[in-house]
1. Just A:L240, A:L192, A:L87 to compare: in a GNM of chain A, with alpha carbon springs under 10 Å, which one fluctuates most?
2. Using a simple charge model, +1 on the beta-carbon of Lys and Arg, -1 on the beta-carbon of Asp and Glu, nothing else, what dipole does chain A show about its Cα centre, in debye to the nearest 20?
3. Which entries of A:K104/A:K202; A:K79/A:K244; A:K268/B:K213; A:K202/B:K202; A:K283/B:K19 show an alpha-carbon separation above 32 angstrom in the structure shown?
4. Any idea what the A:E46 label distances to the other copies are, label 7 Å down the Cα→Cβ vector, nm, shortest first?
5. Ignore the peptide's own chain and count Cβ atoms of other chains within 10 Å of each Cβ in B:231-239; give me the average, rounded.
6. In what order do B:I183, B:I35, A:I58, B:I91 fall by count of nearby beta-carbon atoms within 10 Å, going from fewest to most?
7. For chain B, modelled as a GNM with alpha-carbon contacts under 10 angstrom, which of B:G253, B:G172, B:G274 fluctuates the most?
8. At A:L28, label 7 Å along Cα→Cβ: distances to the other copies, nm, ascending?
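Since every read-out is calculated from the coordinates, none of them should be taken as a lab result. Note that the structure is predicted; figures quoted are calculated from it, not measured. Cβ atoms come from the backbone with ideal geometry, glycine included; neighbour counts cover every protein chain shown.
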There are 2 protein chains.
Amino acid sequence: MQFKVSIVGGGNFGTAIAKLLAENVLNLKSYSPEITMWLYEEYINEIPLTQIINTTHINTKYLPDIHLPTNIRATSDLKELNDSDILIFVIPHQFVKNIINQIKGTLKKGVISVSLIKGVIYSNGDIGLISKYISNTLNIPCGVLMGANIAIEVAKGYISEGTLSGVNDKEGIIIRNLFNSNIYRVSIVDDLWGVELCGTLKNVVSLGYGICKGMGCGLNTCCAVLRNGLVEICNFYKLLGKGKDCTLFESCGISDLMVSCLAGRNFKAGEFIGKKISLEEIKEKMGGQQLQGPDTAKEIYEYLKGKGKENEFPLFTTVYRVCFENELPDAIYCCISPKSISDQ
Amino acid sequence: MQFKVSIVGGGNFGTAIAKLLAENVLNLKSYSPEITMWLYEEYINEIPLTQIINTTHINTKYLPDIHLPTNIRATSDLKELNDSDILIFVIPHQFVKNIINQIKGTLKKGVISVSLIKGVIYSNGDIGLISKYISNTLNIPCGVLMGANIAIEVAKGYISEGTLSGVNDKEGIIIRNLFNSNIYRVSIVDDLWGVELCGTLKNVVSLGYGICKGMGCGLNTCCAVLRNGLVEICNFYKLLGKGKDCTLFESCGISDLMVSCLAGRNFKAGEFIGKKISLEEIKEKMGGQQLQGPDTAKEIYEYLKGKGKENEFPLFTTVYRVCFENELPDAIYCCISPKSISDQ
């Protein structure tokens, strides 16, 4: 038996991952040699994007410079996921509920999954993980894979690392072997919450880093913001009673935080915010690409406010206030009062 | 009584720190309002640099764009340090022994000191701290202050952080109050070894980061090197039985590592090394400025080799071999096999 692998999401990162896996499975006996990539249909000059991908082997909308292997088959039909053994979720977190509900009850028995989605689910005053939501709703195991993975660099075959968690030993081997290669190096850690929170909270920190950069700050100040952000992530772990400090030393931690601050979408949005451009204008400038940071900042702020802890997280709180409450960008400096994590 | 403050070193960073302290002391009653800055005399068009600084209030050689406060007095006479109460050491570590031996026995009773010097002393198979060397040789207390401090940014008044250690409560207050301001924010931690090792080892990691960048790698790979470097610093702590993981979350840790990788001299040297330019040529290209990284890489390698542990530190070892043993730059990728720190 061979595992049939499907990717749910055909954006920039989903397509880069499809390329990685399509190349990997050709060298692996345990996986079916074709990768299915589901994407929400869009039309480019009236031609469906799935058709363009399947004929030109280029995702002209989201990863235009990269030739894809011919063993990727794009589809916009969720029913085609029905016979998958492994599902890789790479969709913006705003679309999770809708898509998960559509595929609920349609999957094969024994399917396993992994989420590459950044974000959390905030409801009724509590923070929930997207992987848990997927797992509970579909009644399938769902791990997470996060790391310092700029999509275009993964697509170009630059060496990258990823951190996998939330899988048992058997699932861990199946998923790691699928992703692992000379150009993508996977480590497994036992800290689902820590890994997924890293991937989520880094978007708030990278907004803050971008705001500083946008105001014209130098590296000393920007990196002070990043550091204080890392400490707030760590303190957020403690507030939730979830996540391990050592996870911050993994690719999903400090590395992903760093690439996000240096080159991520939220960093770029932060730069505009630092120049006092409104969120609405920024979304337009960024060509309608989904931006996770502001929504995450809002959810985290609401959670913190519910606990009366917003003042203990000055960076997270200030990023929210600058984005949504007309706070001036330079309020961000308040987070740079030296903070330390406890010595344990 | 007012503390008389002297800075030993008038290079790029020494001069930036002189400016910071000269501005601070004007608002503080406990410190004498003049800052003495000792520097090794050099001549610019036959005029002594100390004379240029004292008349133009610009260090035309090392910090040419910055106007210095008039309460900095430059001198090249080490005897002028005799009546100092606080000594700030900011010299390249190659010159430490010579200068410390010259001032030995000449200092006032009760003097306290702080070292901003990056590097370690390797002798007889053991690693020693520069602050300890100063402290033991001069028989005075010597703390350390390290952080993400690009000199020109400190000089321009951009907000920066620093981490102070190796001081008792009384010395801590005296030194922190001297440095602390709205633009320079000092935290004190109890981990002299951790802080000083961070400041030293980051130069090896930033060489590695630069080597990657020089070979044309993207951010995913460069940040993977940085992360694996951070883990090696952490493992080096464990090998020595000194240093605390939590110190890596301070400004002297991750922040300084990051600014060094993005903009430091060793990063720039690494970039040249990645393009297969020899160390000799690089030193010429860099205008004869002191480069700590290669020497530190060598000392660390010799220490590791003495312990038979060089293979457990593939980044440190490869940086040394690329610098001194004609190893090809792309050997650096060997360090990117996922490594984790222990979960304690």
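1. Per the Cα network of chain A with a 10 Å cutoff, A:L240 tops the list.
2. That gives a dipole near 200 debye.
3. Violating the 32 Å limit, Cα to Cα: A:K79/A:K244; A:K283/B:K19.
4. Result, one decimal in nm: 8.4.
5. Numbers: counts 4, 0, 0, 2, 0, 0, 0, 0, 0.
Partner-chain Cβ atoms within 10 Å, mean over residues of B:231-239: 1.
6. A:I58, B:I183, B:I91, B:I35
7. Maximum fluctuation in the GNM of chain B, among the listed residues, is at B:G172.
8. 5.9
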